[in-house]
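Below is one structure; the comments refer to it alone.
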Amino acid sequence: MGRLIVASNRTARPQEPRAGGLAVALWDALSERGGGVWFGWSGDTLARETRGVRLFVEGAVDFALADLTEAEYQGYYLGYANRTIWPVFHYRVDLAHFDQEAFDTYAAVNRRFGGLLCQLLRQDDIVWVHDYHFMLLGQELRNSGWQGPVGFFLHIPFPAPEVFTALPQHARLARGLADYDLIGFQTARDVDNFCRYMEQHHGAELLPGGRLRCFGRSMRVAAFPIGIDAQDFARLAVAPEAAAAATRLGRLIENRALVIGVDRMDYSKGLPQRLQAFGRLLDENETLRGRVSLLQIAPPSRETVGAYRDLREELDRLAGRVNGDYSDLDWTPIRYLARGYPREMLAGLFRLARVGLVTPLHDGMNLVAKEYVAAQDAEDPGVLVLSEFAGAAERMQGALLVNPHDIGAMAEAIRRALEMPLEERQERWRALFAEVAEHDLTAWRRSFIAALEAAAEPAGPVAAAIPA
Ligand code: GDG
């Protein structure tokens, strides 16, 4: 068995704690294979041109990290990846910057990184590329002579063809993607969007077994819904640090019901609509005033981008309106905390909360939804209110599904969640937990790697991506 090579923009840097989530999954994938290489950006930017990679060894894993120049960081990372692809893929074409120069830098970084990675590869390796920063990396590996298996997984949604084509470089990106042997998406909806686009715009032919023929290449396209380590998160939720956090907050909210939201501060997460819905809940239900609190944790991200500053200001204003209208001496309706907290604390707070509010406008998957479920007490579980536009909704039908643009319906779903009888809560939770525990992070990475190995053998068997 050859080595696994993982390429992602950010790697978990050697010696840094890999606290949960994707970093642990990729580390486990590399270790399980007896070793491999984790390739990506070092996180450092240099004023001058940079060449080569820095190599670090940790256990059986080699880290190969490349720096970016300041200009590359601006054009590739802050520019095309985060100001063009991110908004367009989250249906915010209005926020996207269309700048050919930024695309050229994006393509150049993919080319440079592809060349660097190719030098590290051995004949029987398999390569797994992650996310929207590296859509052209597979093509650049091919250009550098690599003929072995390369798979790509997109963590964010793939938009409807009408939206994807807003990108002036859509055909260029599609051509690049076609050089992968396996393209993995979060949901069946993403797979469908991609296949429709390839058919309509490039005459792709759909073949049996989820294969697509296009640009003279044949690739497998499938959904691999990412999960969490559910058992581990459930354990975390009853650990002493979690219990301490819950006790601390519990004292503050006394015996009021807690509604919780945890999201990176990002316009895709639907935070203004969520605060509005909570405000509407209080406007319309006098009896709930003084009896329920919303805790919204929103660690800032990509702050240098203007849209995030605007978002922060909007949230301050919306929380201020509700708190101004309804706060009392001993009760603040919305606690909105623009900072991050340790994972253990989050787990404890999730367990304490009667309602988990996960209402993004669009989201590839959304792991918070799964973490909220995993953290619940089976005897007295809370209720998940979930956006129908989160990838997670596709398989989490036990949640109360909402349209995050419909403020009234969201307020009503929160009310229904708060009043839901124990028996219904337990029934819904059991179905949700079974799903989250079965399709966990280990199942995700193993199914992708198995499918990549199969996809690269032209006549080989086609692995089922998602167990039925
Ligand atoms: C992308 C896609 C897809 C949040 N605040 C804190 C904190 N978090 C953790 C959560 C969760 C993670 O960050 C966020 O994951 P999400 O899935 O919700 O969202 P994105 O960051 O947008 O991730 C997404 C994901 O990739 C995986 O493929 O699901 O759709 O957009 O684990 O708990 N963690 C800590 N403190 C915080 O304050 N420790």
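At-a-glance table
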quantity: Among residues of the stretch 301-317, those that are at pLDDT below 85 and under 20 Å from the mean Cα position of the chain (by Cα), counted; calculated: 6
quantity: Complete set of residues in the stretch 326-345 that are part of a strand (DSSP E or B), within 16 Å of the ligand (Cβ to nearest atom) and either over 14 Å from ALA245 (Cβ atoms) or acidic (Asp, Glu) (or both); calculated: TYR336
quantity: Check on SER8, hydroxyl-bearing (Ser, Thr, Tyr), part of a strand (DSSP E or B) and either modelled with pLDDT under 85 or closer than 24 Å to GLN123 by Cα (or both); calculated: yes
quantity: Identity of the residue in the stretch 43-89, out of contact with any helix residue (DSSP H, G or I) (no Cβ under 9 Å at 6 or more places or on another chain) and β-branched (Val, Ile, Thr), that ends up surrounded by the most Cβ atoms within 10 Å (Cβ to Cβ); calculated: THR69
quantity: Lone qualifier among ALA431, ALA409, ALA450 - being closer than 27 Å to LEU282 by Cβ, assigned to a helix (DSSP H, G or I) and more than 16 Å from the ligand (Cβ to nearest atom); calculated: ALA409
quantity: When residues of the stretch 346-374 are limited to those that are within 14 Å of PHE233 (Cβ to Cβ), under 19 Å from the mean Cα position of the chain (by Cα) and more than 10 Å from the ligand (Cβ to nearest atom), the one surrounded by the most Cβ atoms within 10 Å (Cβ to Cβ); calculated: VAL373
quantity: Every residue from the stretch 212-223 that is surrounded by 22 or more Cβ atoms within 10 Å (Cβ to Cβ) and within 16 Å of the ligand (Cβ to nearest atom); calculated: ALA222
quantity: Qualifying helices (runs of 4 or more DSSP H) (wholly inside the stretch 113-186; at least 2 residues being over 22 Å from TYR77 (Cα atoms)); calculated: 137-143, 161-164
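The values are calculated or read from the model by the stated rules, or taken from the named source; none is laboratory data. All values reported here derive from a predicted model rather than from experimental measurement. In this analysis, Cβ positions are derived from the backbone assuming ideal geometry, glycine residues included, and neighbour counts consider all displayed protein chains.
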